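Read the structure below first, then the notes.
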Amino acid sequence: MKRFIPNILTMIRIFLVPIFVLSINSDLENPYFFALLIFLLASITDYFDGKLARKLKVVSKFGIFMDPLADKILVMTSFIIFLKIDLLSNIIFPWMVGLILFRDLSVTLLRVFMKRANITMVTSKVAKLKTGMQLLTIILLLLLLSINTIFPIQIFSHYLKYFMIMLTLFTVYTGADYYYRNLIIIISRFK
């Protein structure tokens, strides 16, 4: 049973996404706080699934593929929802979300291609840093939204906007880095 725990955690993260969406769009008194709690739980599963897989020595092909996909589903859904929140309209812009989505979808397509070609995809620490930064950014924005009545988010909107620009550009850079590292492997394999 222990060998399935990392994959179960990954699947829990995916199942938490619709709950996150429902909570942020709910009529609760403070839907952002409830969404923050769900997002934190999902982020914790992200931390533990890989750690447990390595510790228990149960790294699986399923986990290698689904773990980053679960991250992308969680992050992409969050940024898409943020586009609909008026308080974030001066912080997150459609072009940012579009670039983040394009990067994540193109890397996922590369991952699928490499899996079908039976080639192991090279990951990078930069991409893991990107995921961590995205998760922390979403947590920060949800926290600021949940305390907006006490501490208006607009106080920070100028700084948050420039941070989002940097995060978007860093996300695009990590996508280019993925393609660079893995296209070299693909080309050498098919020479």
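Throughout, read-outs are computed from the coordinates displayed, never taken from laboratory work. Keep in mind it's a predicted model, so treat the numbers as computed, not measured. Reconstructed Cβ throughout: ideal geometry from the backbone, glycine too, with neighbour counts over all protein chains shown.
General observations
- For q = 0.31 Å⁻¹, Debye-computed log10 I/I(0) when each Cα of the range 118-169 counts as one equal scatterer: -1.18
- Spin-label proximity, Phe62 to the range 1-24 - amide N less than 16 Å from point 7 Å beyond Cα toward beta carbon: 1-15
- For the chain, the mean residue ellipticity at 222 nm estimated from helices alone is -27000 deg cm²/dmol, where every DSSP H run of n ≥ 4 contributes -39500 (n - 2.57) and the total is divided by all residues, rounded to the nearest 500.
- Average projection area in nm² (convex hull over Cα atoms of the range 38-176, one quarter of hull surface): 8.9 nm²
- Extension gain, His158 back to Lys128 (0.36 nm per residue minus Cα-Cα distance, nm): 8.1 nm
- Using a Förster distance of 30 Å, the FRET efficiency for Arg3-Thr108 (Cβ separation, nearest 0.05): 0.75
- Dipole moment magnitude, nearest 20 debye, the chain about Cα centre, only Lys, Arg, Asp, Glu C-beta charged: 1280 debye
- Taking a ≥ b ≥ c as the square roots of the eigenvalues of the alpha-carbon gyration tensor, the range 1-108 is classed oblate because a/c is 1.5 or more while a/b is no larger than b/c.
- Extension gain, Lys55 to Val172, is 39.0 nm, computed as 0.36 nm per intervening residue step minus the present C-alpha separation.
- Between the residues Tyr162, Thr10, Leu87, the greatest Cα displacement towards the positive end of the dipole of the chain, with unit charges on the Cβ of Lys, Arg, Asp and Glu, is found for Thr10.
- Long hydrophobic helices in the chain: the complete DSSP H runs spanning 30 Å or more by Cα along their own axis with mean Kyte-Doolittle hydropathy of at least -1.0 are 31-55, 61-82, 94-116, 125-146, 157-189.
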